[in-house]
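The structure under discussion appears below in the form of structure tokens.
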Amino acid sequence: MEMNEQHIASAFDRDLEAIQGMLMKMGGLVESAILDSARSLEVRDIELSRTVREGDAAIDELEEQINDEATRIIALRAPTASDLRTVLTVIRISANLERCGDYAKNLAKRTQVLAESPRVEDADVSIKRIAREVQFMLKDALDAFIQRDAELAERVILRDEDVDQFYNSIFRELLTYMMEDPRNITPCMHLHFIAKNMERMGDHVTNIAEQVVYMATGKFPDDSRPKKDRTPYMNEGA
């Protein structure tokens, strides 16, 4: 009986390691998508933007695999409270990663249009800066997950304020360019949409960090952090 219980526990551990491995692979793909989409914009690389758009399918497929495997684990292994918390955290993190992948794909879609528009040099630099910050946040959030480090996850949550401030700065910058020269309106609208996608990515990475805190401590962090995005949203279809 004891050996059978050990076998079940060992099988569960392997299952848990497998879905966490898939999650880390998914996270790596999303990190690359964020950086590559920003790079494609910076240098107006149409081929790289196409690679980002096509790569989103692999991210979506991994999310589906994670959901299927997590559902099987819950149904067959009947995990204890702490293990169940880990499985549910993996599901929720994968959903947030999938949304980040979608935003990176949408950013890459804009490269074609912006390649045919006047370049707004300073705005391109600002977009690269916010993309890099979001990517760093995501890397730290995933490290916090692997290490079960609630303190690191809490620091990631606080950094979302920096992303909001970057976005607010870009928004004001783009308004100035549009007022100075009407020819800047079209590229600035696209750049604003990209900046807003980056800001939303930061929100999803923050959600990931909050899930890590929950997994590590059994409690969600205090949701009293101020939201620094105070700008109106210039609506534009994806």
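Has segment 84-95 got at least one residue that is of a type in the set (D, E, K, R), touching an Asp or Glu at 6+ places or on another chain (Cβ under 7 Å), open to solvent by 60 Å² or more (accessible area, probe 1.4 Å) and part of a helix (DSSP H, G or I)? No, that holds for no residue. Residues in segment 124-143 that are closer than 15 Å to VAL30 by Cα and of a type in the set (Gly, Ala, Ser): ALA131, ALA141.
Among the residues making up segment 200-238, a single one is modelled with pLDDT under 95, open to solvent by 60 Å² or more (accessible area, probe 1.4 Å) and part of a helix (DSSP H, G or I): THR217.
For the condition open to solvent by less than 10 Å² (accessible area, probe 1.4 Å), touching a residue at least 12 places away in the same chain (Cβ under 8 Å) and in a helix (DSSP H, G or I), ALA104 qualifies.
The condition (being at pLDDT below 95, open to solvent by less than 20 Å² (accessible area, probe 1.4 Å) and either over 27 Å from ALA123 (Cβ atoms) or not hydrophobic (A, V, I, L, M, F, W, C) (or both)) is satisfied by just one residue among PRO182, PRO187: PRO187.
For PRO118, the requirement of being open to solvent by 50 Å² or more (accessible area, probe 1.4 Å) and in a loop (DSSP other than H, G, I, E, B) is met.
For segment 72-83, what are the residues that are surrounded by 14 or more Cβ atoms within 10 Å (Cβ to Cβ) and not aliphatic (A, V, I, L, M)? Those that are surrounded by 14 or more Cβ atoms within 10 Å (Cβ to Cβ) and not aliphatic (A, V, I, L, M): ARG77, PRO79, ASP83.
Number of residues in segment 144-154 that are open to solvent by 50 Å² or more (accessible area, probe 1.4 Å) and in a helix (DSSP H, G or I): the value is 4.
What residue, among those in segment 54-71 that are surrounded by fewer than 19 Cβ atoms within 10 Å (Cβ to Cβ) and in contact (Cβ under 8 Å) with a residue 40 or more places away in the chain, is farthest from GLU98 (Cα to Cα)? Looking at residues that are surrounded by fewer than 19 Cβ atoms within 10 Å (Cβ to Cβ) and in contact (Cβ under 8 Å) with a residue 40 or more places away in the chain, I get GLU69. Entry remark, segment 168-207: residues being closer than 30 Å to LEU152 by Cα, among the aliphatic types (A, V, I, L, M) and out of contact with any Ser or Thr (no Cβ under 9 Å at 6 or more places or on another chain) number 3 in total. May I ask you to list the residues in segment 182-192 that are out of contact with any helix residue (DSSP H, G or I) (no Cβ under 7 Å at 6 or more places or on another chain) and in contact (Cβ under 8 Å) with a residue 12 or more places away in the chain? Those that are out of contact with any helix residue (DSSP H, G or I) (no Cβ under 7 Å at 6 or more places or on another chain) and in contact (Cβ under 8 Å) with a residue 12 or more places away in the chain: ARG183, THR186, MET189.
The set of residues in segment 155-175 that are under 15 Å from ASN207 (Cα atoms), surrounded by 18 or more Cβ atoms within 10 Å (Cβ to Cβ) and touching a residue at least 60 places away in the same chain (Cβ under 8 Å) comprises ILE157, ASP160, ASP164.
The values are calculated or read from the model by the stated rules, or taken from the named source; none is laboratory data. The structure displayed is predicted, hence computed values, not measured ones. Note that we place each Cβ from the backbone using ideal geometry, even for glycine, and neighbour counts take in every protein chain shown. We work out accessible area using only protein heavy atoms, side chains counted, and drop any ligands, DNA or RNA first. Shrake-Rupley method; radii C 1.70, N 1.55, O 1.52, S 1.80 Å.
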